[in-house]
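The values are calculated or read from the model by the stated rules, or taken from the named source; none is laboratory data. Not measured: the values here are computed from a predicted model. Here the Cβ positions follow ideal geometry from the backbone for every residue, glycine too, while neighbour counts run over all protein chains shown.
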Amino acid sequence: MTPEVLFLDNHLLVVVKPAGMLAQEDRTGDEDLLSWGKAYLKEKFGKPGNVFLGLVHRLDRPVSGVMVLARTSKAAARLSEQFRQRSPAKQYLALVEGRPPREGRLEDYLVKQDQKVRVADSGEPGALKAVLTYRVIETHGGLSLLEVDLETGRPHQIRVQLAHAGFPIVGDLRYGAKRELDGRNIVLHCHRLEIEHPTKKERMAWTAPPPETWRRLLPVGKYAWI
């Protein structure tokens, strides 16, 4: 698994994280994006010693898509604040089981419990409001391709909210999907990310098509659209 580099300057490294790669190392010792990024910069610029690279947001391991990493502590602080303020625009593509209404807005309260997230009542301790909007791009063979925009950024938000609405993401067996992708990953991809550059103060956006593994689930013509 090798991430694709979309953008690089003195403050940012923007990449496409492959599905199956961790965002940050954990106890498994499996390959992770942050360690890969540090090694990439060390080799590219011939840097001795440690390389700084800050993780300012995450994608779940089985999810692919655009991520931005901070090359300086100043950039890390400013980007982290942007994500806390929800100013970045994140757009996802998701292939779900079933046929949702052509467009919709989902609003739920989520609680994380035992490494899994569930929908809860608004008054339950730890419940956080989660909101997303979606529109259906295509339907084919009992599956629907959605374009999803996040209004909030909660752990597993898209996965849980779509599953709760009756349309689990293909491959997401944890949240009720019946159809597998490859037994490990899910058909969810961060297609577009827009942020304010931490020093130039201008809006910048990057897009990336979904992985080739999606091709066998979608007709070529429909896949070509994205």
Just give me the residues in the stretch 152-211 being in contact with a strand residue (DSSP E or B) (Cβ under 9 Å, 6 or more places away or on another chain), among the β-branched types (Val, Ile, Thr), at pLDDT 95 or above and not in a strand (DSSP E or B), in sequence order. ILE158, VAL160, VAL170, ILE186, VAL187
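Evaluate the following for LEU41: is it in contact (Cβ under 8 Å) with a residue 12 or more places away in the chain, crowded, with 16+ Cβ neighbours inside 10 Å and assigned to a strand (DSSP E or B)?
Criteria not met by LEU41.
If you check ALA130 against the conditions, is it out of contact with any Ser or Thr (no Cβ under 9 Å at 6 or more places or on another chain), farther than 22 Å from ARG216 by Cα and either free of Cβ contacts under 8 Å to residues at least 24 places away in the same chain or surrounded by 21 or more Cβ atoms within 10 Å (Cβ to Cβ) (or both)? Give the derivation first.
Values: out of contact with any Ser or Thr (no Cβ under 9 Å at 6 or more places or on another chain): no; farther than 22 Å from ARG216 by Cα: yes; either free of Cβ contacts under 8 Å to residues at least 24 places away in the same chain or surrounded by 21 or more Cβ atoms within 10 Å (Cβ to Cβ) (or both): yes.
So ALA130 does not fit the description; no.
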Starting from residues that are aliphatic (A, V, I, L, M) and touching a Ser or Thr at 6+ places or on another chain (Cβ under 8 Å), keep the ones in the stretch 71-114 and report whichever is farthest from ARG174 (Cα to Cα). ALA75
Taking interchain pairs and intrachain pairs at least six residues apart, which have beta carbon atoms under 6 angstrom, with the first residue in the stretch 207-226 and charged (D, E, K, R) and the second at pLDDT 85 or above and surrounded by fewer than 17 Cβ atoms within 10 Å (Cβ to Cβ)? LYS222/GLU138
Go through the residues of the stretch 138-149 one by one and say whether even a single one is among the aliphatic types (A, V, I, L, M), modelled with pLDDT of 95 or more and over 17 Å from the mean Cα position of the chain (by Cα). no
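If I filter the stretch 166-173 for residues that are in contact (Cβ under 8 Å) with a residue 40 or more places away in the chain and in contact with a Phe, Trp or Tyr (Cβ under 6 Å, 6 or more places away or on another chain), do I get at least one hit? Steps first, please.
Kept after step one, since they are in contact (Cβ under 8 Å) with a residue 40 or more places away in the chain, are these residues of the stretch 166-173: 166-172.
Adding the requirement that they be in contact with a Phe, Trp or Tyr (Cβ under 6 Å, 6 or more places away or on another chain) leaves 168.
Yes.
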Can you find a residue in the stretch 134-142 that is outside any loop (DSSP other than H, G, I, E, B), among the acidic types (Asp, Glu), surrounded by 16 or more Cβ atoms within 10 Å (Cβ to Cβ) and touching a Phe, Trp or Tyr at 6+ places or on another chain (Cβ under 9 Å)? yes
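Filter the stretch 62-75 for residues that are more than 14 Å from the chain's Cα centre (by Cα) and in contact (Cβ under 8 Å) with a residue 24 or more places away in the chain; which is farthest from MET21 (Cα to Cα)? Spell out how you get there, then give the answer.
Let us first name the residues in the stretch 62-75 that are more than 14 Å from the chain's Cα centre (by Cα), namely 70-75.
Those left that are additionally in contact (Cβ under 8 Å) with a residue 24 or more places away in the chain: 70-72, 74-75.
Numbers: ALA70: 19, ARG71: 20, THR72: 23, LYS74: 26, ALA75: 24 Å.
Checked the stretch 62-75; the qualifying residue farthest from MET21 (Cα to Cα) is LYS74.
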